[in-house]
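Inspection log for the structure reproduced underneath, given as structure tokens.
The values are calculated or read from the model by the stated rules, or taken from the named source; none is laboratory data. Quantities reported herein were computed from a predicted structural model and do not represent experimental measurements. Heads up, the Cβs are rebuilt from the backbone with ideal geometry, glycines too, and the neighbour counts pull from every protein chain shown. Heads up: the accessible areas ignore ligands, DNA and RNA and are worked out on the full protein's heavy atoms, side chains in. Shrake-Rupley method; radii C 1.70, N 1.55, O 1.52, S 1.80 Å.
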Amino acid sequence: MTFKQVDAMRMPIRWGDMDAMGHVNNTVYFRYIEQARISWFDRIGCAPDPKGHGPVIVNAHCSFLKQLKYPGEIEVTTLVGPAGRSSFEMTHEIRLVDADGVPGPVYAEGGAKVVWVDFPAEKSTPLPDSIRELLP
């Protein structure tokens with residue numbers, strides 16, 4: 001499957017992101033991914049509309065490759081896969097940014113399957129053309 005990079009955003013590792021083990025808690029990686037996904041949705045103008053149509057995720061996954069620790073800054077790269085009838089895959093790579101501002105190796109990779117839904121009907125609906133045009 002071919003993926004296309006659509007965004008990259010930076011965010012700080014916060015003190016409260018760490019757990020008793022002294023590294024970023026596993027659940028926080030999902031928050032980083034969520035923030036990147038929602039930021040891209042906002043940027044392309046497709047925020048969910050509870051009275052209309054919009055994106056929801058039907059699954060989420062993350063592989064933890066290296067430990068992140070406070071303090072630091074990360075870069076989350078967002079990639080999208082080809083369109084299905086009503087869905088597409090999003091993947092994300094989380095990298096620690098070094099002191100020179102350069103993103104390093106991948107610390108975690110994850111993603112989600114996004115389904116376009118008709119919220120009042122509570123069922124999937126075909127992806128809009130404006131979204132399809134952004135996908136590989």
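Heavy atoms of the protein chains alone define the surface here; on that basis the stretch 80-136 has 47 Å² accessible area per residue at 1.4 Å probe size.
Taking the alpha-carbon centroid of each part, what is the distance from the stretch 101-127 to the stretch 1-74 in angstrom? One Cα centre to the other: 10 Å.
Only Lys, Arg, Asp and Glu carry charge here, each on its Cβ (+1 for the first two, -1 for the last two); on that basis the chain has a dipole of about 180 debye about its Cα centre. Close amide H contacts of D7 (hydrogens built in the peptide plane, cut-off under 5 Å, sequence separation of 5 or more or a different chain): T78.
GNM on the chain, alpha-carbon springs under 10 angstrom: the most fluctuating residue among P120, P55, P12 is P120. Length gained on full extension, S86 to I38: 15.5 nm, using 0.36 nm per residue less the C-alpha separation. The lysines within cross-link reach of K4, meaning a Cα-to-Cα straight distance under 19 Å and a gap of 8 or more places when in the same chain, are K113.
The label-point distance for D118 and F64, in a model that sets each label 7 Å from Cα toward Cβ, rounds to 4.1 nm. Protein heavy-atom surface of the chain, 1.4 angstrom probe: 52% of the accessible area is carbon and sulfur, with nucleic acids and ligands not counted. Pairing the Cα long axis of helix 26-44 with the longest principal axis of the chain, what angle in degrees results, from 0 to 90 and rounded to the nearest 10? The angle comes out near 50 degrees. Calculated from the structure at hand, Rg/Rh (Cα atoms, Kirkwood Rh) is found among (i) 1.01; (ii) 0.95; (iii) 0.99 as (i).
Here the dipole of the stretch 19-92 is about 100 debye; that uses its Cα centre as origin and unit charges on the Cβ of Lys and Arg (positive) and Asp and Glu (negative).
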